[in-house]
Amino acid sequence: MHPYYRTVARDLADSLNHRFSYLGEIDDIQDAIRHGRDAQLLCPPNAHERALCLGVIGTSLSHRFESSGSIPDLDEAIIIERQAVALTPDSGE
């Protein structure tokens, strides 16, 4: 796999989230979740980039919850976003 794949997959997921926000096409959010998960799987366990990927997945799941009302999506978004926070140490600022 190309070394930049995880970065561009995360960026694509982020762009799909933005388009979903404007157009409301559920396929965009489904694709965003898929690309975000693909990117996250390729990140080292404690990498800063992994936190970013998890954040994109959490946002995607939150959008899907807002569209469908699926509580499991909201629950998963919260779990994933908590994982992202745990990977982002408090700098004390």
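The values are calculated or read from the model by the stated rules, or taken from the named source; none is laboratory data. Predicted model, so just to flag it, every value in this text is computed and none were measured. Cβ: placed from backbone, ideal geometry, glycine included. Neighbour counts: every protein chain shown. Protein only, heavy atoms only, side chains kept; ligands, DNA and RNA dropped before computing areas. Shrake-Rupley method; radii C 1.70, N 1.55, O 1.52, S 1.80 Å.
Odds and ends about this structure:
- Annotation note: GluC sites (Glu not before Pro) in region 17-83 located in DSSP loop regions with a Cβ neighbour count of at most 16 within 10 Å are GLU25.
- Listed residues SER60, LEU87, PRO72: farthest to the positive end of the dipole of the chain (Cβ charges): LEU87
- In the calculated pair-distance distribution of the chain, the portion above 18 angstrom amounts to 43 percent of the Cα-Cα pairs.
- Sequence-ordered 3J(HN,Hα) estimates for region 31-43 from the Karplus curve with 6.51, -1.76 and 1.60 and θ = phi - 60° stand at 5, 4, 4, 4, 5, x, 5, 4, 5, 4, 5, 8, 8 Hz, glycine and proline given as x.
- Loop-located chymotrypsin sites (Phe, Trp or Tyr not before Pro) across region 1-74 with a Cβ neighbour count of 15 or fewer within 10 Å are TYR4, with loop assigned by DSSP.
- Relative contact order of the chain, defined on C-alpha pairs under 8 angstrom at six or more residues apart (%): 26
- Accessible surface of the chain, 1.4 Å probe, proportion on carbon and sulfur as whole %: 55
- Accessible surface for the chain, divided over its residues, is 63 Å² per residue with a 1.4 Å probe.
- Region 1-44 - Rg and Dmax from Cα coordinates, angstrom: 10.7, 33
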